[in-house]
1. Tally up the residues in region 50-65 that are within 16 Å of Glu24 (Cα to Cα) and either open to solvent by 30 Å² or more (accessible area, probe 1.4 Å) or more than 16 Å from the ligand (Cβ to nearest atom) (or both), please.
2. Taking region 359-396, which residues are open to solvent by less than 10 Å² (accessible area, probe 1.4 Å) and not aliphatic (A, V, I, L, M)?
3. Please indicate, with yes or no, whether at least one residue in region 273-286 is away from the ligand (no atom under 16 Å from the Cβ), farther than 20 Å from Val190 by Cβ and surrounded by 22 or more Cβ atoms within 10 Å (Cβ to Cβ).
4. I'd like the residue in region 117-148 that is in a strand (DSSP E or B) and within 13 Å of the ligand (Cβ to nearest atom) and, out of all such residues, is most open to solvent (accessible area, probe 1.4 Å).
5. Condition first: open to solvent by 10 Å² or more (accessible area, probe 1.4 Å) and away from the ligand (no atom under 15 Å from the Cβ). Now tell me which residues in region 220-241 satisfy that.
6. Could you go through region 118-139 and let me know if any residue there is touching a His at 6+ places or on another chain (Cβ under 7 Å) and modelled with pLDDT of 95 or more.
7. Out of region 256-269, which residues are within 21 Å of the chain's Cα centre (by Cα) and more than 16 Å from the ligand (Cβ to nearest atom)?
8. Of the residues Ala261, Ala244, Ala216, Ala248, which is buried (at least 24 other Cβ atoms within 10 Å of the Cβ) and among the small types (Gly, Ala, Ser)?
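The values are calculated or read from the model by the stated rules, or taken from the named source; none is laboratory data. Everything numeric in this text was worked out from a predicted model, so none of it was measured. Ideal geometry is used to build each Cβ from the backbone, glycine not excepted, and the neighbour counts take in all protein chains shown. Accessible surface is based on the protein model in full, side chains and every heavy atom, while ligands, DNA and RNA are left aside. Shrake-Rupley method; radii C 1.70, N 1.55, O 1.52, S 1.80 Å.
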Amino acid sequence: MRVPLNDPTEPTLPVEPYKVKVVERIPNPSREDRERALVRAGFNLFNLHSDEVRIDLLTDSGTGAMSDRQWAALMIGDESYAGSRNFARFESTVRSITGFHHILPTHQGRAAENLLFSTLCRPGNVVPNNMHFDTTRAHVLRNGGRPVNVAVRDAYDPQSDFPFKGNIDVPALDALLRREGRENVPLVMVTITNNTGGGQPVSLANFREVARTARAHGVPLYVDMCRWAENAYFVRERESGMRAKSIAEIGRAFFDLCDGATMSAKKDGLVNIGGFVATRDRSLAARMKELLILYEGFPTYGGLARRDLEAMSVGLEEAMDLDYLTHRVEQVRYVAGLLDARAVPYLHPVGGHGIYLDVRRFLPHLSDEDLPGQALAVELYREGGLRTVEVGSIMFGPDQGSKRPPLELVRLAIPRRVYSASHLAFVADVVARVYERRADVRGLTMVYRPERLPHFTARFAPKRGASSRAPRAGRAAPRRKRA
Ligand SMILES: *Cc1c(COP(=O)(O)O)cnc(C)c1O
């Protein structure tokens, strides 16, 4: 439900479809506190203490609020090592949503990826995906594989309003499969929604084509189903003939086309920890189960407390609720509307779980070497205590196997059921204030560079004198030449 405000140019207010039962105090660090925290953290917002953060938009992963029904579910944990009834309910919930038979619980998504990729992926293999998420990419690389992104061209144009920017470029996928052959491609993966590309949905029509292509080449098809319910919401909204269908039906239409899935239930499972890998392939399941026992735990708990499985069963059901999903998407659109009013550039159209600021348009006076995405994330923290994350040249830079990342973004991920409309209005205001003084934003250099997943632990320092090249505020920024 949305309420129009008095001023017709104002975006409508998303009204929360829940009320507050428990509250958590929000810290409010002073400007001096924030400056000190930045230095201590090496200008990496992952190193901040949560007490130093006012509004935390680092991720929507495991940061949501559980419902009263989920908290109640924790109380009926059957903590048996083997054969817990919580596992039985979890297994039947996931089976009824996905139709996959073999369900292996894991403590989170990357553990599911570890099981799948270390079982299927061999050195020299190629793994296509619309856009690899950072941990997915890292698991392919760790197993000697080569992650290849085959998203449609529109996915790389932040200004394109194409409604399904998560779609796969099917001719490109077909050419890749033709070139590499089934021996060298252990699976095709599709991430719904496409997180790295802005939380963008994949259409059912595209997914059908992908499934047909993968089948024609004899290659199994897996989905990274972290945000499958949000994806189904967009399909229902945008794809013809889908309006009358439920989220469950649309989700099932996707799952019926593929061989299995990995899931971080910290997203559309509405829990703080949990995940699973699911497959129709019995022998693959047996091999993954051996690793599951080695790395996670017995297959009826998979690295979780049994009560966590119960909360996950409830959360997976709640994530399909249309009122919840409508509000979630409206929250993102509300921020976008406020940013529009102040001409702040972000990736279009907004996706399901956050706003992605278009850094190359936001800070045109900085070049890639200035690490502009990180510089912007730092500035948003400095201005208003917001914690966000760079999705660009650090997360997917040269060290990660790509030359110039096609997109340079800062993600403002919205945790599920956590922040109110007034928090979001504050967020939009902080972003707009930084945009208004953007010419003063200076670049950064990386002073500590870890080998894998550098964004988590790298350290940075401000560039000296980098701001002297910057145009003054108020004047139009010249477009930087592309290398
Ligand atoms: C979060 C995420 C993962 C990894 O899940 P974790 O629970 O963080 O380990 C994988 N793929 C996508 C698309 C994600 O968003």
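1. 9
2. Hits for region 359-396 are Phe362, Asp370, Pro372, Gly373, Tyr381, Gly384, Gly385, Thr388, Glu390, Gly392.
3. Yes: one or more hits.
4. Residue satisfying both the conditions and the ranking: Pro147.
5. If the condition is that a residue be open to solvent by 10 Å² or more (accessible area, probe 1.4 Å) and away from the ligand (no atom under 15 Å from the Cβ), then Pro220, Tyr233, Arg236, Glu237, Arg238, Glu239, Ser240, Gly241 are the ones that fit.
6. The answer is no, given that none of the residues of region 118-139 is touching a His at 6+ places or on another chain (Cβ under 7 Å) and modelled with pLDDT of 95 or more.
7. Correct list: empty.
8. That would be Ala261, the only listed residue that is buried (at least 24 other Cβ atoms within 10 Å of the Cβ) and among the small types (Gly, Ala, Ser).
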